[in-house]
Amino acid sequence: MSDKTGYLFVIAAALLWAISGTASKFIFSSGISPIELVQFRAAGSAVLLVFVLGVQKTFLLKIAPKNIGYFALLGALLAVTQFTYLFAISKTLVAVAILLQYQAPLVVALYTLVVLREKLAIATVMSIICSLLGCYLVVGAYSLNILSMSRPGIISGLCSAVTFALYTIASESGMRRYSPWTVLFYAFTVAAIILNIIYPPFHAFRRSHTLETWWWIFFVTLFGTILPFAFYNLGIQRIRPTHASVAATLEPIAAAIISYLFLGEVLELCQIIGVILVIAAIIILQQKPQKKMSTKSFN
């Protein structure tokens, strides 16, 4: 498949994450806390994946014992990413949390330069600058005094950026040997175990909820968790992690547009410029074919 297919997968993931954000607002209004929703998402995703894979493609559940440590690390990164992001939201503003987490492309770029010792193309550097600046404008950070906000919240948001970047890099490494679905299943399984250790196990499951709330929980689990992370992994498999993390910054752009269309929230001129910058960053990345990771066939 072409590089463009990889970008389409990541863009689809960003759109689904943005839509699920709006759905999550309704779930929170029903009394479910952010950490409980993360428990639902991780545990529900693991259960749905083991059911689907166990019935149709059991061989995808098999991993080598020597790779258990890798999947434990990947799941821990996923759990920490989601927890620190929600903690940042609870201590600061949603816009600030989004801005901080989407510094991930910069972290991936630094990893590529320092650890992998790979040179970044000028187009890649330009796209990273455009995406970061665009994200800054879209979330309206120019009107916020970020330095006066909660230090724990700021630190947590930066941690979410680092762990999301490391999750992106680690996922690419895992998919050199395993199917994206295998990587996804074990990441969610480990994340669910961790989240149910740091918070009362299955606390939210023990409370009664309306059918409407259960529907939206299922919606966020399937369309806001399994599918977007699957699309993101499939995208990483086709394009470099640096490019995937830049393309993922389309999420706050999509969220802003959805808010404009369905909630009537007006976009300021600076936000519109931010939208253009992020879209430009993605277009810049697609101008030159990139080296793909080598993978074996999972058919």
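Taking every alpha carbon pair in the range 1-89, what does the distance histogram look like in 5 angstrom bins from 0, in percent?
Taking all Cα pairs of the range 1-89, the binned fractions are 3, 10, 13, 19, 20, 19, 11, 4, 1 percent.
Can you compute the charge dipole magnitude of the chain about its Cα centre, using +1 on each Lys and Arg Cβ and -1 on each Asp and Glu Cβ, nothing else charged? Give it in debye, rounded to the nearest 20.
Here the size comes out at about 1000 debye.
So, in the chain, how many Lys pairs have Cα atoms under 21 Å apart, if the pair is 8 or more places apart or on different chains?
Close lysine pairs under the 21 Å cut-off: 11.
So what's the net charge close to Y7: Lys and Arg +1, Asp and Glu -1, counting the other residues with Cβ under 12 Å from its Cβ?
Counting the neighbours of Y7, the net charge comes to +2.
Could you tell me the center-to-center distance, by alpha carbons, between the range 149-187 and the range 210-229 in angstrom?
Answer, in whole Å: 21.
Separation between the R207 and Y142 pseudo-spin-labels, each 7 Å from Cα along Cα→Cβ, expressed in nm?
Each label point lies 7 Å from its Cα, and together they span 4.0 nm.
Give me the compactness ratio for the range 159-290, meaning the Cα radius of gyration over 2.2 N^0.38 Å.
Against the empirical 2.2 N^0.38 Å value, I get 1.27 for the range 159-290.
Which three numbers, in whole Å and largest first, are the semi-axes of the equivalent ellipsoid of the range 47-108 derived from its Cα gyration tensor as √(5λ)?
Each semi-axis is the square root of five times an eigenvalue, giving 32, 15, 10 Å.
GNM, the chain, Cα, under 10 Å: largest mean-square fluctuation among F40, F71, F28?
Maximum among the listed residues: F28.
One quarter of the convex hull surface, Cα atoms only: what value does that give for the range 95-197 in nm²?
Spelled out: convex hull of the Cα atoms, projected over all directions, averaged, 8.5 nm².
Two decimals is fine: what is log10 I(q)/I(0) at q = 0.09, 0.11, 0.12, 0.20 Å⁻¹ for the range 1-160, from a Debye sum with one equal scatterer on every Cα and no solvent?
The computed values of log10 I(q)/I(0) come out as -0.41, -0.61, -0.73, -1.51.
With r as the distance between the Cβ atoms of A123 and L261 and R0 = 41 Å, compute the FRET efficiency 1/(1 + (r/R0)^6) and round to 0.05.
With a Förster radius of 41 Å, E is 0.85.
Take the Cα radius of gyration of the chain and divide it by 2.2 N^0.38 Å, with N its residue count; two decimals is plenty.
0.97
From the protein chains alone at 1.4 Å, what is the descending order of accessible area for R151, R176, R207, largest first?
Sorted descending by solvent-accessible area, the residues read R151, R176, R207.
The values are calculated or read from the model by the stated rules, or taken from the named source; none is laboratory data. Nothing here was measured: the structure is a model prediction, and the numbers come from that model. Because the Cβ atoms are built from the backbone with ideal geometry, glycine has one as well, and the counts that use them run over all protein chains shown. Heads up: the accessible areas ignore ligands, DNA and RNA and are worked out on the full protein's heavy atoms, side chains in. Shrake-Rupley method; radii C 1.70, N 1.55, O 1.52, S 1.80 Å.
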